[in-house]
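Encoded as structure tokens, the structure appears first; notes follow it.
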Amino acid sequence: MVAASLPTARPRLALSRPDAAGWMQVLAMAAIFAVVLFAPPVLLDGDTYWHLAAGDWMIDHRRVLAVDVFSHTYAGRPWLSHEWLSEVAMAGAVRAGGWSGLLVLCGLAAAATLGVVGSRLRQFLSPVAVLVALVLVMGLMAPSLLTRPHLIALPLLAAWTVELLRARDAGVAPRLFMPLLMLLWANLHASYALGAAVMGVFALEALVEGRRDPWPVIRAWAPVGLLSLFAAMLTPHGPAGLLFPFQTSTMATLNAITEWRPADFAKPSPFELTLLATLFVCLRNGVRLPVLRLVLLLLLLHMGLQHARHQIVLAVVAPLILAPALAEAWGRERIVEVRSRAVVLAFAVLAVGLVAARYVKPVERRDDAATPASALAHLPPGLAERPVFNAYRFGGYLIYRDVRPFIDGRADMYGDGFFTAYLKAREGGPALDRSLARYKVDWTLLEAGEPLIREMDAKPGWRRVWSDRYAVVHVRTAALDGRP
């Protein structure tokens, strides 16, 4: 690809009511809202449980968590609860509307993300192209549609990127509401660090464009940039919060966690389909991008290839950057302004109907891959208060049920050393025996089918007391007799 300047499209007045592209946007927003409300996999994540427990604790105690109050292995040690505001919102949604309330909250966040992206795409693309683009975005978002803080923060990523692009289109600095957006974002989710990096790219682009007289660019961009950086530190964790995303991303054990593994192309996936479709369209039409925007896209692609959890970021940012270049390649005129009031109202009507349908049959959590409810319900009396060695995926549910886990989804808190020892213990043998002895473990809660179950079945002094299609429980026989 060769660098090119931004498309200089001839403006025309926006319609006072949505055109066909607007209705494509409505359909996409309603579709993703319905998926979050009704698709079972959205709730199949153990981390949801500990996020809710953390939010409940903070609401009840009226302060932000700063130490671990949940596990029996790390109790009392420092914990940087960087998603505290999202967790409070999630817990509040469940208190107000049950599990369906949480789905409504996360569904609205997903729909708002498509709303922001769609409004930008409508300025450049035809109705059919808008629909196709939003379908690809939804496909790429699908694996990350989980009831967790990253989904709540996603509309801010979209709004942040759109404002930066608007500023570059107009040849001005971003507006001064950006620091307020950053303040909210920094307290919702650690992805705000990516927002700062994206702003840096566009500020550099503006500086390169005005390199013959850089001071006007510096004077325009420096205030909003510095205020946004200051806002990013206005969290309960202060400047330390700025380092958290980088510390987490450099952990050596991240690949042991599914969402942190590299992209898998062994079988077809939405990620592969989206990449191939995008490459086909761009190469077929000779799409050209400014150099720094191309670099940004390649960086986001690298992140998506390296860690699956970053693919949702690429899904949001890439179409926003590519839309003007596609319009230029297709010779389309840009609509200077699209009015979305009717789009919002139309979606609101559909959303009310979908929410009503969701509440006709409220969500009830039963046994599933993240919820070993029956296993916990059938524990011998008093055993839940004793130390447990649990599957990583079940840690969140244990916390939610006031049972102190051995480990849970807060890998950043446990760190590489503890996590490595845990992974070795999961392989069985002497490493397992050391962990059971060191932490005085009296029972284990493992995922059904994992190899460690056979070793526990044969281990002297231990007995299997429960098994179902999701979980298996072993208990030390001395604990069954009430002995320490």
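Work out from phi, with θ = phi - 60° and the Karplus expression 6.51 cos²θ - 1.76 cosθ + 1.60, the ³J(HN,Hα) of each residue of region 191-200, listed in order in whole Hz, and give x for Gly and Pro.
5, 4, 4, 5, x, 5, 5, 5, 4, x
Using only the alpha-carbon atoms, how far is helix 84-122 inclined from the longest principal axis of the chain? Give it as 0 to 90 degrees, nearest 10.
Taking Cα atoms only, the helix is inclined about 30 degrees.
At most 14 other C-beta atoms within 10 Å and a DSSP loop state: those are the exposed GluC sites (Glu not before Pro) I care about. Give me the longest piece of the chain that has none. Kindly include the intermediate steps, with their values, before the conclusion.
On the way: sites that count: GLU333, GLU337, GLU364, GLU427.
The longest such stretch corresponds to 1-332.
For THR250 and ALA66 in one chain, what is 0.36 nm times their gap in residues minus the Cα-Cα distance, to one decimal in nm? Provide the component values of the computation, followed by the final result.
Values: separation 184, 0.36 × 184 = 66.24 nm, distance 2.20 nm.
Fully extending the segment from THR250 to ALA66 adds 64.0 nm.
When only Cα pairs under 8 Å and 6 or more residues apart are kept, what is the percent relative contact order across region 256-355?
Details: 52 pairs, mean separation 32.2, N = 100.
Answer for region 256-355 is 32 percent.
Hey, fewest Cβ within 10 Å first, where do HIS474, HIS150, HIS378 land in order?
Working: HIS474 24, HIS150 21, HIS378 11.
So the ranking, lowest neighbour count to highest, is HIS378, HIS150, HIS474.
Can you tell me the equivalent ellipsoid semi-axes for region 331-415? Use √(5λ) from the Cα gyration tensor, largest first, whole Å. Intermediate values should be presented prior to the final figure.
On the way: eigenvalues 416, 90, 18 Å².
Computed over region 331-415, the values are 46, 21, 9 Å.
Counting only residues 5 or more places away or on other chains, whose amide H sits under 5 Å from the amide H of ALA471 once H atoms are built in the peptide plane?
ALA448
Run the numbers for GLU272 and THR477: contour at 0.36 nm per residue of separation, minus the present Cα-Cα distance, in nm.
Going from the current span to full extension adds 68.8 nm.
Can you list the lysines whose alpha carbon is less than 27 Å from that of LYS267, not counting same-chain residues fewer than 8 positions off?
Hits, sequence-local ones excluded: zero.
Rounded to the nearest 5, what % of the DSSP beta bridges within the chain are antiparallel ones? List each step's numbers first, then the result.
Numbers: 12 of 16 bridges.
If I count the DSSP bridges inside the chain, around 75 percent turn out antiparallel.
Under a straight-distance cross-link criterion of Cα-Cα below 23 Å, which lysines are reachable from LYS424, leaving out those fewer than 8 residues away in the same chain?
Hits, sequence-local ones excluded: LYS440, LYS459.
Once each part is reduced to its C-alpha centroid, what is the distance from region 324-339 to region 453-484 in angstrom?
64
Taking Cα atoms, how many degrees apart are the long axis of helix 411-426 and the longest axis of the chain, rounded to 10 and kept between 0 and 90?
50
For Cα pairs less than 8 Å apart in space and 6+ apart in sequence, what is the mean separation divided by the residue count of region 373-480, i.e. the relative contact order in percent?
27
³J(HN,Hα) across region 136-152 via Karplus (A = 6.51, B = -1.76, C = 1.60, θ = phi - 60°), whole Hz, x for Gly/Pro?
5, 4, 4, x, 6, 6, 3, x, 9, 7, 10, 7, 9, x, 4, 6, 5
Relative contact order for the chain: what is it in percent, counting Cα pairs under 8 Å that are at least 6 residues apart? Mind dumping the intermediate values first?
Working: 713 pairs, mean separation 110.1, N = 484.
Relative contact order of the chain: 23 percent.
Between THR371 and residues 5 or more places away or on another chain, which pairs have amide H atoms under 5 Å apart, with H built 1.01 Å from N, and which residues are they?
Sorted by chain and number, the residues that satisfy this come to none at all.
For region 290-383, report the translational diffusion coefficient in µm²/s to the nearest whole number, using Stokes-Einstein at 25 °C, 0.890 mPa s, and a Kirkwood Rh over Cα pairs. Display every interim value, and only then the final one.
On the way: Rh = 18.9 Å.
This corresponds to a translational diffusion coefficient of 130 µm²/s.
Peptides 114-121, 62-69: what's the order by average Cβ count within 10 Å, highest mean first?
Numbers: 114-121: 25.5, 62-69: 14.4.
Result, highest mean first: 114-121, 62-69.
Averaging the inverse of every distinct alpha carbon separation and then flipping it gives the Kirkwood radius. What is it for region 373-480, in angstrom units? Before the final figure, lay out the partial values.
Values: mean 1/r = 0.0722 Å⁻¹.
Answer for region 373-480: a Kirkwood hydrodynamic radius of 13.9 Å.
Compute the long axis of helix 47-61 from its Cα atoms, compare it with the longest principal axis of the Cα atoms of the chain, and write down the angle in degrees, 0 to 90, nearest 10.
Around 90 degrees separate the two axes.
Take PHE280 and ASP402, extend 7 Å from each Cα along the Cα→Cβ direction, and tell me the distance between the two endpoints in nm.
5.6
Step through the residues of region 294-310 one at a time and calculate ³J(HN,Hα) from phi using the Karplus curve (6.51 cos²θ - 1.76 cosθ + 1.60, θ = phi - 60°), rounding each to whole Hz and writing x for Gly and Pro.
5, 4, 4, 4, 5, 5, 5, 5, 4, 5, x, 6, 6, 9, 4, 5, 8
Can you list residues from other chains, or at least 5 along the same chain, whose modelled amide H is less than 5 Å from the amide H of VAL67?
For VAL67, whose amide H was placed from the backbone, the distant partners under 5 Å are TRP79.
Taken together, the values in this text are just the output of simple stated rules run on the coordinates, not laboratory data. Quick caveat, the model's predicted, so the values are computed rather than measured. Virtual Cβ from ideal backbone geometry, glycine too; neighbours counted across all protein chains shown.
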